[in-house]
Every structure is written in C-alpha cells, then in structure tokens.
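The values are calculated or read from the model by the stated rules, or taken from the named source; none is laboratory data. All values derive from a computational prediction rather than experimental measurement. Because the Cβ atoms are built from the backbone with ideal geometry, glycine has one as well, and the counts that use them run over all protein chains shown. Only protein heavy atoms, including side chains, enter the accessible area calculation; ligands, DNA and RNA are left aside. Shrake-Rupley method; radii C 1.70, N 1.55, O 1.52, S 1.80 Å.
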Amino acid sequence: MLFIRIIKRVFASIVAFSAIGFASVTVVAQDNVLRVAVVANASSGELTFAGIPQVVARDSLFIDALAKLNYRVEWVPVSTAAVATLVNESFASGKIQFAFYGDLPSLILNASGVNTRLVVPGSVGNNVYLVVPKDSTAKTIGDLKGKRIALHRGRPWEATFAKLVASEGLGLRDFRIMNLNPQAGAAAVSAGNVDGFFTLSDAHVLNEKGVGKIIWSTKVAPVSWRMRAELWGAEAFINANPEITQLLATATVRAMHWVSQEENQSDYIREQARLGMPESIIRQDILDDNIPWTDYWSPLISHGLFEHYHALNEYAVSAKLVRKPVATEQLIDSRFVPAAIQALQLESYWLPLEGRE
C-alpha cells in the first residue's frame, strides 16, 4: 500500500507540473510541418507503424492535399513502453499537434489543463488480458485477492482492470499492485515474481512460450470494457486549422475503411507483424467471433463512445488519477468524422454498434 501511495503522489506531481508549466502553450505547426505521434519502431531511418497510422502514412491523397496547403506530415515515433508519458509531454510542450494513443492518458492530460480533443475514434477497442504464471492454480481474478498483480498505472488498461475487479465485488486495494511497464510485467510473471499480469496482446506470446497462461480477456466482457486508442489533436491547433484537421480525419477514416474490407485483412495483419509480433499472435488478438471484421473498425461517434468516457472519468476521479472530472462533451469533437464519411460516401457502410453489450 505504501508503494501505491508513493506512485500516486509522484504521478500527481507530474500532472501538476504539466498543468503549471505547459497549459498556456500555443500549439502551432512550425515550418508548416504537421507533427503526429504514433506508436512505431524506428530502424535504419525507416518507421514501422502500429495500427491505422501505417495506412494513413502511405495515403497519397492525404499527402498531396497537405502539400497544396504548403504542409507536410512528420510522424513522431513513441515506444510502447512509455506511450502515455511521451505523448502527454509532447502535447503539453507543443511539440506535436496530433497523436494516435489511448483514452485514459488523454483524459489525465486534459484534467491537468492541457486541452486536446478526440477527432476520430479508433476501432471498437483493443483486447486486454489477465495472465498468471504457468503453474498458477488461479482461474479467476477473485483467486488472486491479496496477491501481487503487475499493472502499469495510468495506462488505458488500468480502467479495464478496475472494472474486472469490481465485477467480483473487489477493488484495487484488495491486491498488491506492482507498477510495472509491459516489458517488466512480462518478465515478472514469467519468473513467477508476480501472481498476475494485466496486459495487451503480448499475453498471447507468454501463453505460446509456456511461461504464462491467460485466464481472462475482454473477449468475454462487454465491448465498453475494452481499451480505446483514438486520434487526438491539440484543441488550439484544431480550432485554428480545421481544414488541415479535416484532411487528417478523412485520411484516418479512409484508412479504417480500407482495413475493414475482408480482402485487405491479411495484408493489414502482415504489415502489423513487421512491428515484431507474429501474425499468429495478431490474429488471436484482433479476430473476434462476436464482432464482424467490418464493424471492428467502425469510426462512428456513438452514444457508447460518450458512455465510455463518462465511465472513464468516474474511474479516474475515484482512483485519484485526476482531481476532478473532465466534461466528456468537451473531450469529443464531433465535427470531423461525419464530414469524412460524407466525403467518402460511406453513409451506409458502418452501422451503429449500440446495444452490442
């Protein structure tokens, strides 16, 4: 418990510093360069992207349209180990105008006084998993009460973990939370130094290696429990440059449309494997019998999206990750997706996912 309190105090100090030091920064695109942060690996001068941004990056329509406005795009790579910290610091210091990243860090940033807006929703959400050591007898989260759980605090999947434990009538205080990033968490559960590990698709790697086993995932939970990653933009830049924002939003929706077509599924997964995760693992993670491939990539701004962020607000306040909630209606900018869908003539392509609970 002392360790958790220390982590919370340190985290609160970082947020407070960001609010005091950077909240008044004016976000501009220096030298007419649109800087977008993405999860990516940089090797030999070449970026290997994660997710939808890889499709946007090769979109000649987007690149040419930016050029006509005397702009070019620069992709700013961030590592999976520190996405939230790096992106939030970059937004706060005005070094980027947009980022593809997670829901909880975005909410925390806005609570600190640095205003960003959700421009295009991501897919229906990323799956999250509970892994235990290979020899563990635990079968549910309840079996791990009082045990050591590796969980990277402040990352999007923390809220999902809270929902899981609450479903068993428990809270975070019922566990010994070890604040470890995914790499350290994987090593800890493999060595048996923790009793559980809450993480993303790397859970399947641990399972295949025989050093851990998955005992729960969001595939058996309501869709709203999934971790969300969206396209976020600096509010000041969006308001000053709605035309450029629309170009990026339209390119993002166009990329989601391309990926959502069944004939492109294998190509997309093959490209994702360049980031280092085997195709077999990617398929186990994102293919879902309950959600058709087309619907999985829906960018629609729905009632469920607002409900997700309402619930996230409540959790962030209750967990003392933020001092007060952020108005959900202000977080989501609903102007750009409908315009993109109309421009691309996709009005009847995606249907609302309401009720898919």
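Tabulated data
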read-out	value
Full-extension gain in nm, Asp289 to Leu351, via 0.36 nm per residue minus C-alpha separation	20.5 nm
Kirkwood hydrodynamic radius of region 215-281, Cα pairs, Å	15.1 Å
Which listed pairs, of Lys95/Lys147; Lys163/Lys324; Lys95/Lys213; Lys134/Lys163; Lys139/Lys324; Lys147/Lys320, have C-alpha distances above 29 Å, in listed order	Lys95/Lys147; Lys95/Lys213; Lys139/Lys324
Net lengthening on full extension, Ala191/Asp143 (0.36 nm per residue, minus Cα-Cα)	15.3 nm
Dipole axis of the chain (+1 Lys, Arg; -1 Asp, Glu on Cβ), positive-most option in Ala229, Ser280, Ile177	Ile177
Average silhouette area of region 202-357, convex hull of alpha-carbon atoms, in square nanometres	11.5 nm²
FRET efficiency, 1/(1 + (r/R0)^6) with R0 35 Å, evaluated for Gln261 and Lys134 via beta carbons	0.35
At least 27 Å along the helix axis (C-alpha) and Kyte average at least 1.6, DSSP helices within the chain	2-22
Point-to-point label distance, Ala42-Leu344, nm (Cα→Cβ direction, 7 Å offset)	2.8 nm
Net charge of neighbours whose Cβ lies under 10 Å from the Cβ of Val194, counting Lys and Arg as +1 and Asp and Glu as -1	+2
Gain in span if fully extended, Gln183 to Arg323, counting 0.36 nm per residue against the direct Cα distance	47.5 nm
Signed unit charges on C-beta, dipole axis of the chain, positive-most listed residue Ala67, Val78, Ile332	Val78
Average silhouette area of region 62-190, convex hull of alpha-carbon atoms, in square nanometres	10.2 nm²
Pairwise label distance in nanometres, Ala311 with Leu275, each label 7 Å out on the Cα-Cβ vector	2.3 nm
Most mobile of Lys145, Lys163, Lys209 in a GNM of the chain (Cα contacts under 10 Å)	Lys209
Gaussian network model of the chain, Cα within-10 Å springs - most flexible of Pro133, Pro278, Pro105	Pro278
Residue with peak Gaussian network fluctuation, the chain [Cα springs, cutoff 10 Å], from Leu47, Leu164, Leu248	Leu47
Between region 169-235 and region 281-357, the Cα center-to-center distance that results, in Å	21 Å
Antiparallel DSSP beta bridges within the chain, percent to nearest 5	60 percent
Carbon/sulfur fraction of accessible area - the chain, other protein chains in place, 1.4 Å, %	53 percent
Sequence ranges 332-343, 119-130, ranked by mean other-Cβ count within 10 angstrom, highest first	119-130, 332-343
Accessible area per residue, Å², the chain with all protein chains present, probe 1.4 Å	44 Å²
The chain - Rg over Rh from alpha carbon coordinates, Kirkwood radius	0.95
Taking only Cα atoms of region 46-85, radius of gyration then Dmax in Å	12.3, 36
